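The values are calculated or read from the model by the stated rules, or taken from the named source; none is laboratory data. Just so it is clear, the structure is predicted and the values come from calculations on it, not from any experiment. Note that we place each Cβ from the backbone using ideal geometry, even for glycine, and neighbour counts take in every protein chain shown. These accessible areas exclude ligands, DNA and RNA; they are computed on the full protein's heavy atoms, side chains included. Shrake-Rupley method; radii C 1.70, N 1.55, O 1.52, S 1.80 Å.
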Amino acid sequence: MLRLGLTGGIGAGKSEVSRLLTSYGALLIDSDRIAREVVEPGTPGLAAVVAEFGPEVLTPDGGLDRPKLGRIVFGDPDRLRALNAIVHPLVRARSAELEAAAGPDSIVVHDVPLLVENGMTALYDLVVVVDASPETQLDRLVRLRGMAESEARERMAAQATRERRRAVADVVIDNDGPLEQLEPQVRRVWQTLRERAATGS
C-alpha cells in the first residue's frame with residue numbers, strides 16, 4: 001500500500017486533483033467529507049460541538065449550521081483549536097478504518113486540508129501539495145464559491161502559508177492555470193505513484 005498525503009490551500013483546486021486521482025484508480029479518503037459525517041445529527045461528534053459552542057450552531061432541523069460555526073472559529077485561533085480538538089480525533093479514527101479496509105496493492109490518497117498545520121507529513125509515504133497563488137485562491141473563493149472577500153481572506157489566513165506548504169512537499173502541482181493544464185500534471189504524478197507502488201520504494 002502506498003499512502004499519499006494530498007493538501008493545498010483553500011481554493012487551490014485540491015478537490016479537482018482528488019477527482020482525477022480517483023478516476024485513475026486511487027482510493028480516496030477525504031478528510032473534509034469525513035469531518036462532515038462525524039458531526040451529522042445524532043452523532044457524539046455533534047453533541048460535543050454543541051456542548052462546546054452552544055445550541056445556536058444548530059440549524060432549525062438539528063443539523064450543524066456550518067456557516068455560523070465558521071464565522072465563530074475562523075479568525076479566533078482559540079475557538080478553532082477547540083473545534084479541531086473535537087473533530088480531528090474522530091476524523092483520524094474513521095480514516096484509519098477506511099484505510100484498513102483497502103487492499104495491500106492500493107494507492108490510498110488522504111485528502112487532508114490541514115495536513116501541514118497539524119504536523120502530519122510523517123504519516124505518509126509522499127506529500128503532494130496543490131499550489132496556487134493567493135490571488136488565484138481569493139478569486140476562486142469569491143467568484144466560484146460566492147464567499148465574501150473578507151471571509152475568504154480570513155479562511156486563507158487561518159491556514160499555513162504557501163511557502164510552508166511547499167517546503168514539506170515531495171511533489172508540487174501547479175494549479176494557477178486552467179483545468180487543461182492540470183490534468184497532464186496529475187497524470188504524471190499518478191504514473192510516479194504506480195511505479196513506486198510496484199517497486200515498493
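Taken together, the residues in region 175-201 that are open to solvent by 50 Å² or more (accessible area, probe 1.4 Å) and either farther than 29 Å from LEU80 by Cβ or at pLDDT 95 or above (or both) amount to 17.
If only residues of region 14-33 that are under 11 Å from the mean Cα position of the chain (by Cα) and of a type in the set (Ser, Thr, Tyr) are counted, the one that is nearest to PRO113 (Cα to Cα) is SER31. Counting only helices (runs of 4 or more DSSP H) that fall entirely inside region 12-112 and contain at least 3 residues that are of a type in the set (Asp, Glu), the qualifying elements are 77-100.
On the given criteria, is ALA122 exposed (fewer than 14 other Cβ atoms within 10 Å of the Cβ) and not in a strand (DSSP E or B)? Judged against the criteria, ALA122 is a match. Of the residues LEU114, LEU144, LEU98, the single one that is under 28 Å from VAL49 (Cβ atoms), open to solvent by 80 Å² or more (accessible area, probe 1.4 Å) and among the hydrophobic types (A, V, I, L, M, F, W, C) is LEU144. Scanning region 25-76 for residues that are of a type in the set (Asp, Glu), open to solvent by 60 Å² or more (accessible area, probe 1.4 Å) and touching a residue at least 40 places away in the same chain (Cβ under 8 Å) yields ASP32, GLU37.
Being surrounded by fewer than 19 Cβ atoms within 10 Å (Cβ to Cβ), over 15 Å from the mean Cα position of the chain (by Cα), more than 23 Å from ARG71 (Cα to Cα) and of a type in the set (Gly, Ala, Ser) is a description that applies to SER133.
Here the condition is being over 15 Å from ALA35 (Cβ atoms) and either touching a His at 6+ places or on another chain (Cβ under 7 Å) or without any contact (Cβ under 8 Å) to a residue 60 or more places away in the chain (or both); of GLU117, GLU135, it holds for GLU135 alone. Entry remark, region 100-135: residues being touching a Leu at 6+ places or on another chain (Cβ under 8 Å) and acidic (Asp, Glu) number 2 in total.
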